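Derivation of every value follows stated rules applied to the coordinates shown; laboratory data play no part. Just so it is clear, the model here is predicted, and its values are computed rather than measured. Note: ideal-geometry Cβ built from the backbone for every residue, glycine included; neighbour counts use all protein chains shown.
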Amino acid sequence: MIIIKESGKRIESNPVTSILNILQRNDIPIETYCGGRAKCGRCLLHIAAGADKMNPRGKAEIELLRSLGAGENIRLACQSYARGEVEIEIINPGK
């Protein structure tokens, strides 16, 4: 389950579908310019709760987040998969 902190909306998660794709399929706006390839850094999320229910960061995500100076609970939606209940804040909501 993914909980959107801003709205309280609850969305069913799938451990094999990225949070970015889940948000897009549910018409929740989030910026992305690279199509989910961990290149642009626009689909940032703050994991407010349930960080232990997320997949580990991969090399591309680690490198991009490091270059952005992102904190520990910041993830890329395109590289993140929820494996349980997580609460997120969308840092760059789309239009």
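When both bridge partners sit in the chain, DSSP labels roughly 75% of those beta bridges antiparallel.
Rounding to the nearest 20 debye, state how big the charge dipole of the chain is about its Cα centre with +1 on each Lys and Arg Cβ and -1 on each Asp and Glu Cβ. List each step's numbers first, then the result.
On the way: 14 positive and 11 negative charges, 56 e Å.
So the dipole magnitude of the chain works out to roughly 260 debye.
Counting lysine pairs in the chain whose alpha carbons fall under 21 angstrom apart, excluding pairs fewer than 8 residues apart on the same chain, gives 6.
Let me have the 222 nm mean residue ellipticity of the chain computed from DSSP H runs of 4+ only, each contributing -39500 (n - 2.57), with the sum over all residues rounded to the nearest 500.
Calculated from helices alone, the mean residue ellipticity at 222 nm is -5000 deg cm²/dmol.
Its residues counted as N, the chain yields a C-alpha radius of gyration over 2.2 N^0.38 Å of 0.95.
Across the stretch 23-34, computed HN-Hα scalar couplings (Karplus, 6.51 cos²θ - 1.76 cosθ + 1.60, θ = phi - 60°) run 4, 4, 5, 9, 6, 9, x, 8, 6, 7, 10, 9 Hz from first to last residue, x flagging Gly and Pro.
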